[in-house]
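The values are calculated or read from the model by the stated rules, or taken from the named source; none is laboratory data. All figures in this text were calculated on a predicted structure; none of them were measured in a lab. Counting neighbours? That spans all protein chains shown, and the Cβs are built from the backbone with ideal geometry, glycine included.
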Amino acid sequence: MFSLAEKSLYVADLDLWIDSMRPRSRCYVSHGHADHARAHDVVVTSTNNARVCRKRFGMAATYRQPRLLPKPRPETVFEEHDFNEPWSLGEHRLTLFSAGHVLGSAQLLIEGARGRFVYTGDFKLEPSYTAEPAEVKPCDTVLMECTYGRPHYVFPPRAEVAAEMVAWARSALEDGAVPIFYAYSLGKAQEALAILGAAGLPLTVHGAIHSLASVYTEAGVALPPYEHYDADAFDGTRIVVWPPSGRVLPKAVRGRSARTATLTGWALDKNMKFRYGTDTAFPLSDHADFPSLLRYIELAQPKKVLLNHGWRDFVARLRRLGIDAEYLEANAQLALF
Ligand SMILES: [Zn+2]
C-alpha cells in the first residue's frame, strides 16, 4: 500500500517516506533541490546525491536562504546506493537509477509480488553536460512529474540553446556590459558553467554555486575554470552566474552596465522575461519537455500512470491517447503493486 498523506508520499509496505518536506525517521530523497531534499533521521539516496545533500545541509548555515536551503541537521545518517545496485527490503527489491535531472538525481524502482513500481522524481531524458544520463525501465506503474505537460513545451536542442547563451554573453562583454545568468545553484548553474566555459568565456560564480560545483568535480564531472565571486576583485570583465533568489544584482555589478538572463524552461512562455524581471530568458531546462514525457511512457510501457508536480490537464491528454492515467490527490490511498 502506498499513500499520499500530509502532502508526502509514503510506502507503507516498506515503511519508507518519499521526498517528504517534513522530517521523517526514514525517507528516500530523489535529488538535492529544496522542494525534494530535507534532512531526516535516515536519508536513503544515491551516492552522488548524498554528496550533494551533505554539502547543502551544511551550506544552510552559511547562506541565509531559508526558502531555498534545507535546515542543517548534522545527525542525518545517509543510506547510500549506487545506480543499478539493487538491495532487498522485506519482500521487495529496490533499485536506484539515473533521472538525468541534476547530479545524483535518481528514480526509484520497487519490485515485489505485485509488480514493478517506478517513482521518477524530477527527470530529463535529453543528455545534459553535467548530470548522469537518464534511464527508463519497464514498469507496471509509474509515478511521474509532468512539470511541462502541455504541448507547446518543446525545448530546442540543448546545443542550440547553448550557442545562443554564448553569443549573448560574448556580445555583452564586447559592449562593456556584465552578463549575469540567474540559475539555480544546483544543476542549472553547473550546466551554465559547462556551456559558457567550453566557449572559453571567463566566469565568476556565487559562493553557493561554487560550493556545489566542487561536489560535481569530486564526483568526476569535468568543469571549466571559474572564479569564486569576490566583490573587491571583480573588474567587470567576467560573466557572473548567480542564484535566482530575489534577482538582486551582485554588489560589484551595481553602478556598472549589466545585462541579465534567466535560465528556465518557462522561457518558452511569451511573457516569461517580464515575469522574472530579467532582460532575456533562455529555455535551458533540467526537466522533460512534453514530447519527452510521452516518450518516457512509450519506453516504460506502464499499465498505470500516476502524475504529480505539474499540469492536471496532462491526465486528460494521456487518457485521450488510451493511457490509464490519474493525478495523485492528497490523502489518496492506492494499492500499486
Ligand atoms: Zn528538481
Are there any pairs, at least 6 apart or on different chains, whose C-beta atoms fall under 9 Å, with the first in segment 93-105 and in the same structural domain as residue 183 (by TED's automatic domain parsing) and the second hydroxyl-bearing (Ser, Thr, Tyr), and if so, which?
-> none
Any idea which of 267, 252, 261 is assigned by TED's automatic domain parsing to the domain that holds residue 175 and over 23 Å from the mean Cα position of the chain (by Cα)?
-> 252
Is segment 108-117 home to any residue that is free of Cβ contacts under 8 Å to residues at least 60 places away in the same chain, in a strand (DSSP E or B), away from the ligand (no atom under 16 Å from the Cβ) and within 18 Å of residue 20 (Cα to Cα)?
-> yes
Determine the pairs where a residue that is surrounded by 16 or more Cβ atoms within 10 Å (Cβ to Cβ), located within segment 316-327, has a partner that is of a type in the set (Val, Ile, Thr) with Cβ atoms under 7 Å apart, the partner being 6 or more residues away or on another chain.
-> 318/305; 323/297; 323/305; 325/305; 325/315; 327/315
How many of the residues in segment 17-31 are at pLDDT 95 or above and in a loop (DSSP other than H, G, I, E, B)?
-> 3
Exception for residue 224 within (1) under 22 Å from residue 280 (Cβ atoms); (2) in contact with a helix residue (DSSP H, G or I) (Cβ under 6 Å, 6 or more places away or on another chain); (3) not charged (D, E, K, R) falls at (1)
Out of (1) closer than 29 Å to residue 301 by Cα; (2) among the hydroxyl-bearing types (Ser, Thr, Tyr); (3) at pLDDT 90 or above; (4) surrounded by fewer than 20 Cβ atoms within 10 Å (Cβ to Cβ), what's the single condition that is false for residue 3?
-> (3)
Filtering segment 118-131 for residues that are away from the ligand (no atom under 15 Å from the Cβ), out of contact with any Lys or Arg (no Cβ under 7 Å at 6 or more places or on another chain) and farther than 20 Å from residue 185 by Cβ leaves a count of 1
